[in-house]
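A quick write-up on the structure given underneath.
The values are calculated or read from the model by the stated rules, or taken from the named source; none is laboratory data. None of the values given here were measured: they were computed from a predicted structure. When we count neighbours, we look across all protein chains shown, and the Cβ atoms used for this are built from the backbone with ideal geometry, even at glycine.
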Amino acid sequence: MRVLLKALLVLSMALIAASATGVLRASQLALRGTGDLGIVIERATGSLLIVDTTGRKTLSRVEGLGDLSHASAVFSRDERYAFVFGRDGGLTKVDLLTGTIAGRVVQAGNSIGGAISDDGTLVAVSNYEPGGVRVFDAATLALVADIPAAWPGGLSKTIGLVDAPGRRFVFTLWDAGETWIADFSNGAAPCIITKLEGIGANPYDALITADGRYYVAGLYGEDGLSLVDLWDDPVKPRRILDNYGRGEAKLPVYKMPHLEGWALAGDRFVLPAVGRHEVLFVDARSFAEVARTSVHGQPVFAVARPDGRHVWVNFAHPRNDTIQVIDSRSAEVVKEWRPGPAVLHMEFTARGHEVWVSVRDANAVQVYDARTFEKKAEIAATSPSGIFFTSRAHRTGL
Amino acid sequence: MSRLWVAAGCVLCWSATSWAGERWSGTVDPARAAALERLVLQDCGSCHGMTLKGGLGPDIRAATLKGSSPKAIKEIILDGVPGTPMPPWRSLLSEGDAEWIAHYLLQEGGR
């Protein structure tokens with residue numbers, strides 16, 4: 001009897017443990033990898049689609065992620081989990097294999113994206129309210145560090161949060177015009193924070209180059225960008241592309257451009273200009289402007305195909321039904337078409353054979369051959385916005 | 001005639017959100033109203049948040065805007081706020097559009 005009871009106890013404990021971790025559920029699924037999976041944010045309904053980029057199809061929908069307007073995501077090193085950053089401060093860990101929520105915390109009132117450390121153990125979230133950055137354990141979502149972005153004006157909204165090599169995060173203070181580097185290489189708390197002041201007025205977004213060396217913040221309040229070479233010791237910001245508008249009148253900016261997709265195209269970087277119908281080409285060594293291309297509207301994303309030969313550009317309202325493709329060598333537009341109303345985001349497969357495009361007001365994601373521009377598939381999605389593939393797990397800054 | 005009364009009601013108690021629960025529709029037709037509602041949630045939402053509780057731009061929910069006049073809000077929409085990222089929408093929206101949005105925000109934004 002005692003043995004039986006003991007066996008029952010062990011069995012029930014095992015069952016509880018198994019169901020709590022989702023092992024039972026996972027074991028019912030066919031074995032598969034996650035390297036060709038991704039997620040599509042459905043911004044209006046607080047849901048996302050788990051997609052298979054090989055089959056060009058939706059595997060499942062996950063609901064209950066809160067306000068996903070302007071949501072973004074990063075991936076665990078094993079490419080099994082997506083960490084989704086919602087607008088409402090929600091940080092949700094989604095299991096791509098089981099199609100379920102593995103963890104969720106509402107960690108602030110208003111947020112704008114995040115990053116995962118190079119060792120995959122820390123997830124950081126950039127917050128508008130309360131202004132600052134909070135860092136969580138990637139396994140448990142327990143709070144590891146709270147970094148209020150204090151400046152003389154109170155708490156600053158933070159933007160442009162990225163991971164940097166050496167268990168560091170870099171982010172920028174919108175109100176204060178400062179870039180901060182939070183170094184977790186010696187453990188969680190206290191992390192070492194380096195503050196770079198006076199980088200410029202109203203930095204609106206930032207990026208880190210794929211090698212983790214350069215951090216570049218775009219400025220809304222001034223023509224120009226702030227550059228930090230993280231290999232310098234001590235690090236110091238410098239201004240690049242100063243006065244690229246040369247005093248010309250800016251157009252009203254209906255949507256802030258993103259710098260995240262800003263990638264190396266050959267030996268040049270390509271980036272969207274703020275308040276202009278232009279993309280700028282910047283020499284990757286000198287950071288001097290070497291060309292600019294007139295485009296269809298105010299660019300939002302200028303994303304290089306992974307080989308760097310082409311740059312795909314989408315545009316702000318009210319000209320957001322169009323994509324233009326620019327040849328990075330000639331800086332000329334080589335292709336232009338209208339996928340549909342409100343093209344919000346473009347995501348290349350890891351080696352760039354295809355690109356997925358969200359067309360919000362058509363409730364569709366379109367899949368294109370990235371060389372022939374042939375449309376290969378269309379997937380139904382409700383107000384789709386950001387598209388994120390698991391291959392980002394192994395790229396710095398994405 | 002009934003439309004006139006609704007209009008009069010609007011003028012008298014624009015800030016009272018309780019009147020009959022009927023949507024203010026004075027300056028645009030229903031199709032335009034639907035397009036404007038989408039614009040507010042999706043495009044204004046890119047800075048103010050889809051629930052309008054704020055982002056890079058401030059909270060513009062009805063409860064927060066309470067006490068502001070529709071005229072002041074309309075002017076902010078059309079002319080923007082210099083020195084901030086709020087752009088002038090005059091080249092994209094008519095006076096009637098902006099007026100409709102101002103009333104929309106005061107009555108239901110962020111509900």
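Go through the residues of region A:131-149 one by one and say whether even a single one is without any contact (Cβ under 8 Å) to a residue 60 or more places away in the chain, within 13 Å of another protein chain (Cβ to nearest Cβ), buried (at least 22 other Cβ atoms within 10 Å of the Cβ) and not aromatic (Phe, Trp, Tyr).
Yes, region A:131-149 has at least one match.
Can you name the number of the only condition in (1) within 14 Å of another protein chain (Cβ to nearest Cβ); (2) of a type outside the set (Val, Ile, Thr); (3) farther than 28 Å from B:Thr84 by Cβ that A:Asn186 fails?
(1)
Right, A:Ile199: more than 14 Å from chain B (Cβ to nearest Cβ), touching a residue at least 24 places away in the same chain (Cβ under 8 Å) and outside any strand (DSSP E or B) or not?
When the stated conditions are applied, A:Ile199 passes them.
I want to confirm something. Restricting to region B:42-64 and keeping residues that are of a type in the set (A, V, I, L, M) and buried (at least 21 other Cβ atoms within 10 Å of the Cβ), which single residue is farthest from the other protein chains (Cβ to nearest Cβ)?
By that ranking, first place goes to B:Ile60.
Given A:Ser358, A:Ser286, A:Ser383, A:Ser391, which one is touching a His at 6+ places or on another chain (Cβ under 8 Å) and of a type in the set (Gly, Ala, Ser)?
So the residue among A:Ser358, A:Ser286, A:Ser383, A:Ser391 that is touching a His at 6+ places or on another chain (Cβ under 8 Å) and of a type in the set (Gly, Ala, Ser) is A:Ser358.
I'd like the full set of residues that are within 14 Å of chain B (Cβ to nearest Cβ) and not small (Gly, Ala, Ser), limited to region A:214-233.
Across region A:214-233, the qualifying residues are A:Leu219, A:Tyr220, A:Glu222.
Which residues, taken from region A:311-324, are away from every other protein chain (no Cβ under 13 Å) and surrounded by fewer than 20 Cβ atoms within 10 Å (Cβ to Cβ)?
Once the filter is applied, which keeps residues that are away from every other protein chain (no Cβ under 13 Å) and surrounded by fewer than 20 Cβ atoms within 10 Å (Cβ to Cβ), region A:311-324 yields only A:Thr322.
Filtering region A:342-384 down to residues that are at pLDDT 95 or above and of a type in the set (Ser, Thr, Tyr), which residue is nearest to A:Leu96 (Cα to Cα)?
Going through the qualifying residues, I end up with A:Thr349.
Determine, yes or no, whether A:Gly187 is more than 25 Å from A:Gly153 (Cβ to Cβ), of a type in the set (Gly, Ala, Ser) and surrounded by fewer than 20 Cβ atoms within 10 Å (Cβ to Cβ).
Here the answer is yes, as A:Gly187 does meet what is asked.
Restricting to region A:71-92, what's the tally of residues that are closer than 15 Å to A:Glu129 by Cβ and in a strand (DSSP E or B)?
Within region A:71-92, residues that are closer than 15 Å to A:Glu129 by Cβ and in a strand (DSSP E or B) number 3.
A:Gly397 - would you say it is part of a loop (DSSP other than H, G, I, E, B) and at pLDDT below 95?
Considered against the rule, which asks whether it is part of a loop (DSSP other than H, G, I, E, B) and at pLDDT below 95, A:Gly397 comes out as yes.
For region A:103-118, give me each residue that is touching a Phe, Trp or Tyr at 6+ places or on another chain (Cβ under 9 Å) and under 15 Å from A:Asp78 (Cα atoms).
A:Ile116, A:Ser117
What is the one condition in (1) buried (at least 19 other Cβ atoms within 10 Å of the Cβ); (2) touching a Phe, Trp or Tyr at 6+ places or on another chain (Cβ under 6 Å) that A:Ala291 does not satisfy?
Going through (1) buried (at least 19 other Cβ atoms within 10 Å of the Cβ); (2) touching a Phe, Trp or Tyr at 6+ places or on another chain (Cβ under 6 Å) one by one, A:Ala291 breaks only (1).
Which residue, of A:Asp205, A:Asp175, is in contact (Cβ under 8 Å) with a residue 40 or more places away in the chain, part of a loop (DSSP other than H, G, I, E, B) and within 14 Å of chain B (Cβ to nearest Cβ)?
A:Asp175
For the condition hydroxyl-bearing (Ser, Thr, Tyr) and over 20 Å from the mean Cα position of the chain (by Cα), what is the one hit in A:Ser330, A:Ser358, A:Ser385?
A:Ser330
Residues in region A:331-340: is at least one buried (at least 17 other Cβ atoms within 10 Å of the Cβ), within 14 Å of another protein chain (Cβ to nearest Cβ) and either of a type in the set (Lys, Arg) or in a strand (DSSP E or B) (or both)?
No, the conditions are met nowhere in region A:331-340.
Just checking, which of B:Ala7, B:Ala20 is surrounded by fewer than 15 Cβ atoms within 10 Å (Cβ to Cβ), among the aliphatic types (A, V, I, L, M), modelled with pLDDT under 80 and in contact with a helix residue (DSSP H, G or I) (Cβ under 8 Å, 6 or more places away or on another chain)?
The conditions single out B:Ala20.
In the list A:Val274, A:Val367, which residue meets the criterion of being touching a residue at least 40 places away in the same chain (Cβ under 8 Å), in contact with a strand residue (DSSP E or B) (Cβ under 7 Å, 6 or more places away or on another chain), within 14 Å of another protein chain (Cβ to nearest Cβ) and of a type in the set (A, V, I, L, M, F, W, C)?
A:Val274
Among the residues of region A:288-310 satisfying the criterion of being away from chain B (no Cβ under 14 Å) and small (Gly, Ala, Ser), which is farthest from A:Glu278 (Cα to Cα)?
Checking each candidate, the answer is A:Gly308.
Can you name the condition, by its number, that A:Ser156 falls short on among (1) under 30 Å from A:Tyr254 (Cβ atoms); (2) in contact (Cβ under 8 Å) with a residue 40 or more places away in the chain?
(2)
Let me spell it out: the conditions are (1) more than 7 Å from every other protein chain (Cβ to nearest Cβ); (2) over 13 Å from the mean Cα position of the chain (by Cα); (3) in a helix (DSSP H, G or I), and B:Ala98 meets all of them except one. Which number is the exception?
(2)
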